[in-house]
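Here's the structure, in structure tokens; my notes come after.
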Amino acid sequence: MTTVLNPKYTFDSYVVGAANRLAVTAGRTVAETPGAAYNPLFIYSGSGLGKTHLLMAIGHAAKQAGPTLNVEYLTLDEYVEAFHAAIAAGQGDAFRRRFENVDVLLVDDVQFLSNRKEMQSELLRLTEALQGAGHQIVLTSDRPPAEIADLDERLISRLSGGLVVDMGLPDYETRVAILRRKAEERGARFQPGVLDTVAGLEFANVRELMGALNRLVAFQAVNDQPINAAAAKQLLGASVTARGPVTSSALSWPT
């Protein structure tokens, strides 16, 4: 029913910058002391900016801080499917009891609650039960609770009652740090200035940034030679657009 936490998605492998520092700090806090503060913790951002990584990092840290804790991660769709399967099998009450006994519940992609009135009622009831028992719930979405279409006002209030925090697009310095970290993890070496140049290009999210790194790694592997900054910029030119000066103040992200 629930998804196994990806062992690579930890706080140690998460690059922190100005755009995600508050979310990471809040995540560490709830992992160390579940239910004591920021409950629920609601994290939102655009696609590909690290919500799932952060959510799983919270799970790993919570397990490390409390090895006996019952920590579960699942997507909203997985929760919905499991609920309907339980109802069909006449095990609705057992399903509810199971999740009420989770110490740290991590729910990804709750924007898909839109127009699902029955599941909104279920999540409201579950959130109230977990809070009442001092258990932690952390949720992610691509938008804040108040902007999820047709979401019950009571659920909006409940989900907004802890801490709602957003994660923005990483600035230039953070993009450089991400590229260096990921290149190091892959054992990839680049000439001076290559990753700095790539970080100065325009990307919609971190996922696209990783796609650019993959192209550079593949290019070097196929050609069996290092790529320089000018060639890297030319190689990536078909999919990304060069900015002006690579400074944080010069960034102009697409909407």
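Miscellaneous remarks
- Selection of region 20-36 for residues being surrounded by 20 or more Cβ atoms within 10 Å (Cβ to Cβ) and out of contact with any strand residue (DSSP E or B) (no Cβ under 6 Å at 6 or more places or on another chain) yields 20, 24, 27, 31.
- Subset of region 1-52 (residues that are under 18 Å from residue 75 (Cα atoms) and aliphatic (A, V, I, L, M)): 1, 4, 5, 41, 43, 49
- Checking 120, 136 one by one, the residue that is over 30 Å from residue 175 (Cα atoms), in contact with a Lys or Arg (Cβ under 9 Å, 6 or more places away or on another chain), surrounded by 14 or more Cβ atoms within 10 Å (Cβ to Cβ) and of a type in the set (S, T, N, Q) is 120 and no other.
- Tabulated pairs, region 160-173, first β-branched (Val, Ile, Thr), second surrounded by fewer than 18 Cβ atoms within 10 Å (Cβ to Cβ), C-beta under 7 angstrom, 6+ apart or interchain: 164/144; 165/22
- All of 207, 215 fail the test of being under 28 Å from residue 143 (Cβ atoms), part of a helix (DSSP H, G or I) and at pLDDT 90 or above, apart from 207.
- Selection within region 111-159 - more than 17 Å from residue 98 (Cα to Cα), of a type outside the set (Val, Ile, Thr) and without any contact (Cβ under 8 Å) to a residue 12 or more places away in the chain: 118, 147, 153, 157
- Applying the set (1) assigned to a loop (DSSP other than H, G, I, E, B); (2) closer than 21 Å to residue 18 by Cα to residue 197 leaves exactly one unmet item: (1).
- Test: residue 39 is more than 12 Å from the chain's Cα centre (by Cα), modelled with pLDDT of 95 or more, within 25 Å of residue 154 (Cβ to Cβ) and crowded, with 17+ Cβ neighbours inside 10 Å: yes
- Residue within region 81-91 that is β-branched (Val, Ile, Thr), over 18 Å from residue 28 (Cα atoms) and surrounded by fewer than 16 Cβ atoms within 10 Å (Cβ to Cβ) present: yes
- Enumeration of residues in region 50-70 that are more than 17 Å from the chain's Cα centre (by Cα) and not charged (D, E, K, R): 64, 65, 66, 67, 68, 69, 70
- If only residues of region 191-233 that are of a type in the set (S, T, N, Q) and within 21 Å of the chain's Cα centre (by Cα) are counted, the one that is nearest to residue 169 (Cα to Cα) is 205.
- Filter pass, residue 15 being in contact with a strand residue (DSSP E or B) (Cβ under 8 Å, 6 or more places away or on another chain), β-branched (Val, Ile, Thr) and either more than 19 Å from residue 210 (Cβ to Cβ) or in a loop (DSSP other than H, G, I, E, B) (or both): no
- First in region 67-87 and small (Gly, Ala, Ser), second anywhere and exposed (fewer than 14 other Cβ atoms within 10 Å of the Cβ), Cβ under 8 Å, 6 or more apart: 86/94
- For region 133-169, a residue qualifies if it is out of contact with any Asp or Glu (no Cβ under 6 Å at 6 or more places or on another chain), in a strand (DSSP E or B) and polar (S, T, N, Q), and the qualifying residues are 136, 141.
- Taken together, the criteria exclude residue 18 from residues that are under 13 Å from the mean Cα position of the chain (by Cα), of a type outside the set (D, E, K, R), in the same structural domain as residue 142 (by the TED database) and closer than 22 Å to residue 174 by Cβ.
The values are calculated or read from the model by the stated rules, or taken from the named source; none is laboratory data. Because the structure is predicted, anything quoted here is derived from the model rather than measured. All Cβ positions, glycine included, derive from the backbone under ideal geometry; neighbour counts span all protein chains shown.
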